[in-house]
Amino acid sequence: MSMRPQGLVGCLALMLSAEAAVGQIGPVVIEGPRPFGYFLGDVIALDIDAPAASGYELQRASLPKLGPVAYWLDLVRLDVDEASAGSVKHWRLHLEYQNFYAALDARTLVIPGFALDFTSAGNRIEAKIPAWSFGVSPLREMRPSAQEPDDLLRPDIAPQPIALHRYERAAGGFGAASAGLLLIVAFDRAWWPFRRRATRPFAAASRQVRADLQDADLQDADLQVANLQVDGGEETYRQALLVLHRSIDLTAGRRVLADDLPGFLAAHPAYRLVEAEFSHFFSASRRAFFGDDASGAIRDLPPTLLIAFCRRLANLERTAK
Amino acid sequence: MHKGVARVRQELRLLWRRARSTVLIGCLGLAILGLIASGWLLFRNAAHNKSIAALALGRDAPVGDDAPAPLLFARLQFFILHDRIDEAQGLMDLIERAGDRAVRARARLNFGNARMRLAFDLLQRAKPDSAAPLINLAKEDYRQALRLDPDLWDARYNLDVAMRLIRDYPAFDSKGDEMRAGEKGLWTDVPGIPRGEP
């Protein structure tokens, strides 16, 4: 248990060290906690204020060392800080001692004093820090009633499991965040269950076109043509074109044909980046439907390019709205 | 002036629209990473707790050198209760390095208790010379426990018991730098110690 110095409770010891040159060092003030009622193991904190004329520096080597001070006393902590006030510099020492004296009766013990060296341009002054006494009390009765040696000791402390609530809370938080963000992302990208989002026709078209043309071997343009020409593949390709047409119409809010393209791009500037691809698509479409030349259209705009164009549109769509 | 602000605002809005999809995916990725990491920690520590519970029931469980301090402490207690003091000593070094002052203090206390029980055993068999070093080691254990955690009152109490068995005296005059604890003979009026001539 640490006894912090407290203004009113604390005992204030004023001590003017005799041999310090008058006006250069001192008076040294020790502020400590109550000076009585301590047990084995208690930590006692002392605050020392040593004012020195500016120019005088504390020699760190003269500070007490951490560790055993006496066989029953350890210095467990030592902090030094300094504060200037006009022509005086206050050197403040915070010392924490731990008492290991096993008292059999109440008695007074003394934390020994020490000397601090201050130097300034070859002048050396020693400031005496006075001893500090306090009263210790016994922890146990003189003659314990326990008969068995094992009863003399306090029992072992049983191991405790690791507290998991920190990890549970973190996992719960991240889980909720992931679920929420997944919903938002699904909405943004028109994933299930937001597939039919009115404002994401290109996302829906991209998905459907990809699904429709999936069966065709997409590696090689000639093979694609060959594959699409069998088993009504050309019809599938036309369907895919129609799907994309419909999504363009949905985006524009009206029918869009090749001639309407400039008007469409003016109303939806986000798609200006793919103006060339639009023209490419419309020319392929005209060839497939009005020129009745599906295989030529497939050669002109192979499924791979068509799918890439759809994907590009879906991406632009997300940045547009 | 106003036009400039409106323009900046429009630019920012455009920037946000372009970046939104990417930012959302990034956030989702981070949240999933966090979920995986915290879930893994939860799973691993729950497994540690299982080992701790098994050790408390007296079943030995393998414990790696890099195990967290509470698990090392549980194994230490298993060794202590099964009189495997040498293995316990090896674990003490690991626990010292594993950090966590509260666990280190408790481990020191229990280890000191183990040494005290051994010493009592020797005293009852009339071997005070073998008991004395153990008691001195136990005192150092209790002191170390109290340095780590002054609020560990059981360590204060047991240190008091050990100190009454062998009191400390200054080894040198108060002038000397070296003021380490010295030891004197055993107190002979401790319960359970045979008195008189053998």
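Quick notes on this structure:
Listed here are the residues, each with its yes/no results for (1) more than 9 Å from chain B (Cβ to nearest Cβ); (2) farther than 30 Å from B:A107 by Cβ; (3) in contact with a Gly (Cβ under 7 Å, 6 or more places away or on another chain); (4) open to solvent by 90 Å² or more (accessible area, probe 1.4 Å).
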{"residue": "A:P130", "(1), (2), (3), (4)": "yes, yes, yes, no"}
{"residue": "A:P138", "(1), (2), (3), (4)": "no, no, no, no"}
{"residue": "A:D151", "(1), (2), (3), (4)": "no, no, no, yes"}
{"residue": "A:D156", "(1), (2), (3), (4)": "no, no, no, no"}
{"residue": "A:A163", "(1), (2), (3), (4)": "no, no, no, no"}
{"residue": "A:A170", "(1), (2), (3), (4)": "no, no, no, no"}
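- Of everything listed in (1) surrounded by 15 or more Cβ atoms within 10 Å (Cβ to Cβ); (2) modelled with pLDDT of 90 or more; (3) closer than 30 Å to B:C27 by Cβ; (4) of a type in the set (A, V, I, L, M), the single unmet condition for A:A190 is (2).
- The range B:88-124, subset more than 9 Å from chain A (Cβ to nearest Cβ), surrounded by fewer than 20 Cβ atoms within 10 Å (Cβ to Cβ) and touching a residue at least 40 places away in the same chain (Cβ under 8 Å), residue nearest to B:Q77 (Cα to Cα): B:A102
- Residue ID - nearest to the other protein chains (Cβ to nearest Cβ), chosen from residues in the range A:92-128 that are touching a helix residue (DSSP H, G or I) at 6+ places or on another chain (Cβ under 7 Å) and over 19 Å from A:R77 (Cβ atoms): A:A102
- Of all residues in the range A:140-149, those satisfying the criterion of being of a type outside the set (K, R) and within 9 Å of another protein chain (Cβ to nearest Cβ) are A:P144, A:A146, A:Q147, A:E148, A:P149.
- Inside the range B:44-67, residues that are at the interface with chain A (Cβ under 9 Å from one of its Cβ atoms) and of a type in the set (A, V, I, L, M, F, W, C) make up a count of 5.
- Identity of the residue in the range A:28-62, in contact with a Lys or Arg (Cβ under 6 Å, 6 or more places away or on another chain) and open to solvent by 10 Å² or more (accessible area, probe 1.4 Å), that ends up nearest to the other protein chains (Cβ to nearest Cβ): A:D49
- Among the residues listed as A:S206, A:S178, the single one being touching a Lys or Arg at 6+ places or on another chain (Cβ under 6 Å), farther than 30 Å from A:Y56 by Cα, open to solvent by less than 60 Å² (accessible area, probe 1.4 Å) and not in a loop (DSSP other than H, G, I, E, B): A:S206
- When each of A:A276, A:A294 is tested for being open to solvent by 50 Å² or more (accessible area, probe 1.4 Å) and of a type in the set (G, A, S), the lone residue that passes is A:A276.
- Hey, B:Y142 open to solvent by 20 Å² or more (accessible area, probe 1.4 Å), under 19 Å from A:V43 (Cβ atoms) and without any contact (Cβ under 8 Å) to a residue 60 or more places away in the chain or not: no
- Considering each residue of the range A:45-62 in turn, at least one proves to be at pLDDT 95 or above and either in contact with a helix residue (DSSP H, G or I) (Cβ under 8 Å, 6 or more places away or on another chain) or small (G, A, S) (or both).
- Residue count for the range A:259-316, restricted to those that are outside any helix (DSSP H, G or I) and within 25 Å of A:D188 (Cβ to Cβ): 1
The values are calculated or read from the model by the stated rules, or taken from the named source; none is laboratory data. All values derive from a computational prediction rather than experimental measurement. In this analysis, Cβ positions are derived from the backbone assuming ideal geometry, glycine residues included, and neighbour counts consider all displayed protein chains. SASA here: full protein model, heavy atoms, side chains in, ligands and nucleic acids out. Shrake-Rupley method; radii C 1.70, N 1.55, O 1.52, S 1.80 Å.
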